[in-house]
Structures are given as C-alpha cells and as structure tokens.
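Novice: Got a structure here, written out as structure tokens. Questions coming.
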Amino acid sequence: MPPLVPAPSRDSAVAALRAAGCVFAEDEAELILTTARTPDELAAMVERRVAGLPLEHVLGWAEFRGLRIQVAPGVFVPRRRTEFLVDRALARAPHARVVVDLCCGSGALGAALAAALGPVELHAADIDPAAVRCARRNVAGRGGQVYTGDLFEALPAALRGRVDILAANVPYVPTEEVALLPSEARDHEPLTALDGGADGLDVLRRVAAGAPGWLAPGGVLLVETSERQAPTAVDAFTRVGLTTELTVSEEWHAHVVIGTRT
Ligand SMILES: C[S@@+](CC[C@H](N)C(=O)[O-])C[C@H]1O[C@@H](n2cnc3c(N)ncnc32)[C@H](O)[C@@H]1O
C-alpha cells in the first residue's frame, strides 16, 4: 500500500522547514532524512518540526558530548552549553568513582560523565517520571540506576558521604522570565524543568544545602547558572561550607559554580 502522506523529497523538506522559520533548514532536513526509517515517518517528522516541536523531540535524540542521548517528548532537551559543566567535573575529579546526576532529565550529564570516566557507580534522579523513564534508557547501558523523587530524597541513603561528582543542572529560570523563553522551551518542555522560583535559585539553594551531607571528602558539586545569578549562587555554596569557585566559558556563555567538600 502506498504511504498515506507522500514523503517529502530533500528539497521539499528544506522548503517546508525554511517556510516554517527554521534557520538551519538544510542541516535539520539532513538530520530528519537520516533518522526517519520510512517515508511515512519522514513525512510525520517534517510535519511535527513545521508545527514547532523542538528538533530533538522530532528526532528522538540530542547530541551531547559526542553521545546520542534519547530525548522523549516532554523531557528537557540537554543543551550543548551544559557540556562545559561536564568538562569542569572531569577536570576537577578525573578519578571519580561515584557519580550522581541530580535533576537528571534525560540523564545526559550522567551518561557523558560515565562515558568519559569508564566504570563508575552512576546514580541519577529526577522528580518527573517521564524524565526518569527517558534517563533509564540513556544510562542503563552504563550500569546506572535512576530514581524518582524530590532531590536527595530520591537517593539511596548508602550514598551519603560517598559522592565524588554531584552534577546538578537544576531549573534556574526566574518565574517571571519563563514567559520570555522561546516557544520551543515554553511550550514543549515542562515547567518543572525550567522554573527556578522568584530569582531562579530556589532549587539550587536546596541542592547546595543538602550537598555537604552526600559528598565524599574532596567531592565536588557543580551547577550551571546565568551570569546574573552567579554571585548569589556562589554565596549559597559558600554559606554551606563548600570551597567555591565560579568558572566561565566564553565560547558557550556558560557559568558553572563548583563547590568542593574539604
Ligand atoms: C534544566 S532541566 C535539566 C535536565 C538535565 N540535567 C539536562 O541538563 O539536560 C532540570 C530538571 O530538574 C528536574 N527537577 C526539577 N525540580 C526537581 C526536584 N525538586 N527534584 C528532582 N528533580 C527536579 C526537572 O524535572 C528537570 O528534568
């Protein structure tokens, strides 16, 4: 039976994406063409992208530190900028053996850390069951365990005082600024993944407060913030007794606060 919807050719896919306002229409068409397994799937993927779905939700995956991370609909799309956080974690704790990815979303950070470190004890957690299901697919092959729940409450108590790298890319958009985000984020990523409270730092402060009890001596907590939030985030880390440093990537315009348990 012929496909119900005629499959777009490369040229018509590019034209449809360009008309929908996709700036990188040719690159996106190439990715869609190489990901679609059937002509029907190709037509449906172009249609979803034209309707405004994030490219990664259309493809079902996002590239992160050279890995293909599966991203399910409704799950936060890992940003390339966050690779900087992973780079800093690896630089600070190259021999880490116990890794926790808190607020894990798709589990991109945990998967990337485990890929770089080799065999590690990997734990990840998120409050959103959709994110947890997605993260399980991304970390299962690396022996990772994924838990559902509110921050540290989700983790096994046996991890207390043993964590070498605690990576937490928490939601950090101030509530009033969520409405200003691009539609791809606002309409297709859950509010719990974006909204960090009045100044954007509510979740970060809770993570900082809990971290010293879970870090091993010398263990590091890393979070991403905006430039404007960075001084307050540094203060939150310092107040709980972590030795704190702010690192900045000009290339990615990324700000990562690192706290070490001394
Ligand atoms: C900005 S997204 C980051 C996801 C992932 N770490 C990444 O960088 O791709 C924040 C994540 O935090 C989760 N989250 C928000 N509040 C949480 C809480 N109280 N406990 C656990 N996870 C939470 C959201 O569900 C979302 O997946």
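Novice: Given the conditions (1) touching a His at 6+ places or on another chain (Cβ under 7 Å); (2) farther than 30 Å from residue 124 by Cα, which single one is not true for residue 20?
Specialist: Checking residue 20 against (1) touching a His at 6+ places or on another chain (Cβ under 7 Å); (2) farther than 30 Å from residue 124 by Cα, the one that fails is (1).
Novice: Do we find a residue being within 10 Å of the ligand (Cβ to nearest atom) and more than 18 Å from residue 207 (Cα to Cα) anywhere in region 94-102?
Specialist: For region 94-102, residues within 10 Å of the ligand (Cβ to nearest atom) and more than 18 Å from residue 207 (Cα to Cα): absent.
Novice: Right, here's the next one. Among residues belonging to region 136-173 that are touching a residue at least 40 places away in the same chain (Cβ under 8 Å) and of a type in the set (Lys, Arg), point out the one that is farthest from residue 204 (Cα to Cα).
Specialist: 137
Novice: Can you tell me how many residues within region 42-72 are modelled with pLDDT under 95 and within 15 Å of the ligand (Cβ to nearest atom)?
Specialist: 0
Novice: Then there is this: Check region 196-218 and report whether any residue there is within 14 Å of the ligand (Cβ to nearest atom) and in a strand (DSSP E or B).
Specialist: no
Novice: Further question: Scanning region 216-262 for residues that are under 19 Å from the mean Cα position of the chain (by Cα) and of a type in the set (D, E, K, R), which turns out farthest from residue 93 (Cα to Cα)?
Specialist: 227
Novice: Additional query: Does residue 37 meet the test of being surrounded by fewer than 22 Cβ atoms within 10 Å (Cβ to Cβ) and in the same structural domain as residue 151 (by TED's automatic domain parsing)?
Specialist: Considered against the rule, which asks whether it is surrounded by fewer than 22 Cβ atoms within 10 Å (Cβ to Cβ) and in the same structural domain as residue 151 (by TED's automatic domain parsing), residue 37 comes out as no.
Novice: Would you check if there is a residue in region 119-128 being under 28 Å from residue 250 (Cβ atoms) and among the aliphatic types (A, V, I, L, M)?
Specialist: Looking for residues that are under 28 Å from residue 250 (Cβ atoms) and among the aliphatic types (A, V, I, L, M), one finds none in region 119-128, hence no.
Novice: Under 8 Å between Cβ atoms, at least 6 apart or on separate chains: pull out the pairs that start in region 194-206 with a residue that is within 11 Å of residue 168 (Cα to Cα) and end on any residue that is at pLDDT 95 or above and of a type in the set (Gly, Ala, Ser).
Specialist: 203/196; 203/197; 204/168; 204/196; 204/233; 204/236
Novice: Within region 74-88, does at least one residue satisfy the condition of being farther than 30 Å from residue 219 by Cβ, within 16 Å of the ligand (Cβ to nearest atom), surrounded by fewer than 19 Cβ atoms within 10 Å (Cβ to Cβ) and modelled with pLDDT of 95 or more?
Specialist: Checking region 74-88: at least one residue is farther than 30 Å from residue 219 by Cβ, within 16 Å of the ligand (Cβ to nearest atom), surrounded by fewer than 19 Cβ atoms within 10 Å (Cβ to Cβ) and modelled with pLDDT of 95 or more.
Novice: Listed residues 26, 83; which is part of a helix (DSSP H, G or I), among the charged types (D, E, K, R) and farther than 27 Å from residue 206 by Cα?
Specialist: Working: 83 fails: farther than 27 Å from residue 206 by Cα.
The conditions single out 26.
Novice: Take region 108-131 and flag every residue that is buried (at least 19 other Cβ atoms within 10 Å of the Cβ), more than 9 Å from the ligand (Cβ to nearest atom) and assigned to a helix (DSSP H, G or I).
Specialist: 111, 112, 113, 114, 117
Novice: Restricting attention to region 177-192, does a residue exist that is near the ligand (Cβ under 9 Å from one of its atoms) and small (Gly, Ala, Ser)?
Specialist: Within region 177-192, not a single residue is near the ligand (Cβ under 9 Å from one of its atoms) and small (Gly, Ala, Ser).
The values are calculated or read from the model by the stated rules, or taken from the named source; none is laboratory data. Every value quoted in this text rests on a predicted model; they were computed, and no experiment measured them. Note: ideal-geometry Cβ built from the backbone for every residue, glycine included; neighbour counts use all protein chains shown.
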